[in-house]
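One structure below.
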Amino acid sequence: MSISLQKSIGFKLLRYVFGFYFIIAVLVTSVQLVLEYINVKESMFRELSSLSETLEDSLAKAIWSFDNEQIEANLLGISKIEIVAGAKVTNLKYKVYAAKGKIITESSNIVSSNDEILVGKGSIKEYQYIDKKTTGTLFEYKFPIVNNYSNDITPKIIGHGYIYTDHSSIIDRIEHGFILIIINSLIKTVALWFIFLYFTKRIIAKPIALLTSAVEELNTKDIQSLKNNNDLDKILLINTNNELNILINSFVKMRNAVIERTSTITEINKELKYLSLHDSLTGLPNRNLFYDRLNTTLRAAERDNLKFAIVSIDFRKFKEINDTYGHLAGDTVLRTISKRIYDTLYSIDTIARMGGDEFALILKGVDKSSIKIVGEKILSSVYEPILFESQSIYAGVNMGVSFFPENGRDPELLYKHADFAMYQAKREDSGLFIYNSDVAYVMERRDVIVRDLEKAIEKGQLQLFYQAQINGSSNTIHGVEALIRWLHPTLGYIPPDEFIVLAERSNMIRMLTDWVVNRALKDGVFLRSNNYDLNMSINLSGRLINDSKFISELSNTLNHYDFPSDKVTLEITETSAMKNPDKAIQVISKLKELGVKISIDDFGTGYSSFSYLVRLPIDELKIDKSFLLEFNQNSKTVIASIIGLAHQLGLDVVAEGVETEEMVNLVNDYDCDIVQGYHFCRPLPLKELIIWLETHNKKYAAI
Ligand code: C2E
Ligand code: CA
Ligand code: CA
């Protein structure tokens, strides 16, 4: 910041000082001029006096010898002298002998006159007179003429001499001196001006300007250049200990404190920035930094027509690793695997931890032709066992890939598509899946389902259908299986196979099951009141096995409805029961305490261990419908052995998926207890079920 000369302190000070100085200078000069005037006047008077002395003798002689010519000649001579305006000589009675030039006579028009002043032997008198309307001033030097040239005669005054000088000749003489005085004053003033400017600039203005720019630098410059700037120290060296120096000293101290504190804050900020952009466990970029880099990569790719791939990575069975080996092992797995993936990448690529066991990659220059190679490199690095506390842990990942620009031109979409592809890879457990639009359709449908599921209950979009189960030997009705249905307002009918998994994943399965149990028991009560004393089979998600609260609430629900607990069968799939058999035994025992029966659903697909099967306190096995639907020699054998095994263990057997007369006959041949399938009855809404039940009963009553 620079300040104009007019606004600078030095200039302002100068104005005051100079104003003051000017007044004083004028006063001093005036006094000098007056003194000069007096001085000149007096010296002229002295000159007149000495003139008179040189003239006196000659005049005395001339008067004594009545030599008028001599007097005239004397007067003529004297009047030629520069300062002499005129001269005259009179006798003692003031009668004029002779006169020359400007003189005062009795006829002169005198305005005023001053008292006589004695100078030498004579005296000076000043006259103001008017001559042809102009005023003039004449100084008259009057001196006595004494005849002291001869020794024999006693000296005595014999006449008077007058020499006149004009005021203007004093002024003429003074003029020169005056000019000198004024020039002298001017030179002093200008010199003072410059000296003053120089010193105010050096002592005040420059330090202040430096101080100002130093203050400005505090706001604008970085710490390093602040540290290196020692301009102020230079002033400190030059200036003595004045107020300004004290101010600068205080400022320097303040600046040092600011530098120190700012450095600390900068350090902290750096740290905070690092933390805000990195994951603390792996030290890798986090979600924020990932998107930041993705944005940059995207812009560069748009500009230079480049390609890149986004990979979404999910760990295989990470939850199980955590549950089995502990969280420390889980952390080690995440760190090790992410490091291995990092090592397979180029330095221009990015690996980021998006949260939990989700990672993401930005692979520059990778397209459809090269992704397989990169993918395989990553997968083979991952499958190497990880050593943790002398145990080998085998981890794996599933990756979904999307490409720029084919699969999206904005970061969110690209990542979302990679994520969709990852879910597909996970579902197939194929390691690597490349995004396509079918995946998008499935994923978007899923999003809608998850989003709308909660409201589906409130809005009455859920329904329970019932499928009859028939006693194989007698064709009488054993009971019904409750099967859920969802009629979505835009997607239409959504099969339970699709939304049950999503409900399990989003923890909505509890709510859903509560609704199913209540509705089934309520409808069960209604059927009983219509004289249908039927068994009610309800499907139970494997997820609820781990939910201890569920059992106590189920107990309350069972108590709430006037429906016998021993007419309730809970179906648990074989796979969910066998995931954690010990836990299953424990939970099933508790459920049994409620008085309900337990059925193992989809039996034959879950590789049950016989030893566990024996220990499970169950009542029924349901042969998976795939064995009946495929129906070949192999499946016949499986069906026969399951029925044999179940009977050996004292369990009832249900064959579901019975679609034809042939199948009915077959399972009946093996002594299957209960049959269920489209051959008899499709799952029906309650009202239609009642109609079906009526017709069925009539038919068999007739037989
Ligand atoms: P699931 O428990 O094995 O149910 C039997 C499935 O087989 C039902 O499909 C039923 O409609 C179908 N089915 C019955 N007879 C035949 C037949 O003769 N041929 C063929 N091809 N299929 C037949 P749905 O209703 O679509 O249910 C599918 C699965 O959804 C169920 O399999 C069950 O695992 C689940 N689910 C249905 N309702 C519920 C529920 O309320 N809670 C729970 N947790 N799961 C349910
Ligand atoms: Ca079932
Ligand atoms: Ca089944």
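Quick look at the numbers
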item: Selected residue (only one of Tyr441, Tyr423, Tyr493, Tyr466 is over 25 Å from Glu620 (Cα atoms), within 16 Å of ligand 1 (Cβ to nearest atom) and not hydrophobic (A, V, I, L, M, F, W, C)); result: Tyr493
item: Residue count, the stretch 590-637 (criterion: β-branched (Val, Ile, Thr), surrounded by 17 or more Cβ atoms within 10 Å (Cβ to Cβ) and more than 11 Å from ligand 3 (Cβ to nearest atom)); result: 3
item: Number of the exception - Phe563 against (1) more than 14 Å from ligand 3 (Cβ to nearest atom); (2) modelled with pLDDT of 90 or more; (3) under 60 Å from the mean Cα position of the chain (by Cα); result: (3)
item: The one condition in (1) away from ligand 2 (no atom under 16 Å from the Cβ); (2) part of a strand (DSSP E or B); (3) not polar (S, T, N, Q) that Val667 fails to fulfil; result: (2)
item: Verdict on Ala584 being buried (at least 17 other Cβ atoms within 10 Å of the Cβ), at negative phi and within 16 Å of ligand 2 (Cβ to nearest atom); result: no
item: Hits in the stretch 522-548 (condition: away from ligand 1 (no atom under 13 Å from the Cβ), part of a helix (DSSP H, G or I) and under 24 Å from Leu621 (Cβ atoms)); result: Gly524, Asn546
item: Matching residues, the stretch 417-465, being modelled with pLDDT of 95 or more and of a type in the set (Phe, Trp, Tyr); result: Phe433, Tyr435, Phe465
item: Inter-residue pairs, beta-carbon under 7 Å, first farther than 19 Å from Ile509 by Cα and in contact (Cβ under 8 Å) with a residue 40 or more places away in the chain and in the stretch 550-574, second away from ligand 3 (no atom under 16 Å from the Cβ) and part of a loop (DSSP other than H, G, I, E, B), 6+ apart; result: Val568/Val596
item: Options Glu498, Glu481; residue that is in contact with a helix residue (DSSP H, G or I) (Cβ under 8 Å, 6 or more places away or on another chain), within 15 Å of ligand 1 (Cβ to nearest atom), among the acidic types (Asp, Glu) and in contact (Cβ under 8 Å) with a residue 24 or more places away in the chain; result: Glu498
item: Residue match in the stretch 552-564 (condition: hydroxyl-bearing (Ser, Thr, Tyr) and within 16 Å of ligand 2 (Cβ to nearest atom)); result: no
item: Of all residues making up the stretch 649-677, the number that are more than 9 Å from ligand 1 (Cβ to nearest atom), closer than 19 Å to Ile477 by Cβ and among the polar types (S, T, N, Q); result: 1
item: Qualifying residue in the stretch 648-659 (condition: surrounded by fewer than 18 Cβ atoms within 10 Å (Cβ to Cβ) and within 16 Å of ligand 3 (Cβ to nearest atom)); result: yes
item: Qualifying residue in the stretch 600-619 (condition: modelled with pLDDT of 95 or more, among the aliphatic types (A, V, I, L, M), within 60 Å of the chain's Cα centre (by Cα) and farther than 28 Å from Asn530 by Cα); result: yes
item: Yes/no for Lys253 being closer than 30 Å to Ile203 by Cβ and charged (D, E, K, R); result: yes
item: Qualifying residue in the stretch 694-701 (condition: hydrophobic (A, V, I, L, M, F, W, C), assigned to a helix (DSSP H, G or I), away from ligand 2 (no atom under 16 Å from the Cβ) and surrounded by 15 or more Cβ atoms within 10 Å (Cβ to Cβ)); result: no
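The values are calculated or read from the model by the stated rules, or taken from the named source; none is laboratory data. Computed from a predicted structure; not experimentally measured. Glycine gets a Cβ as well: all are built from the backbone with ideal geometry, and neighbour counts include every protein chain shown.
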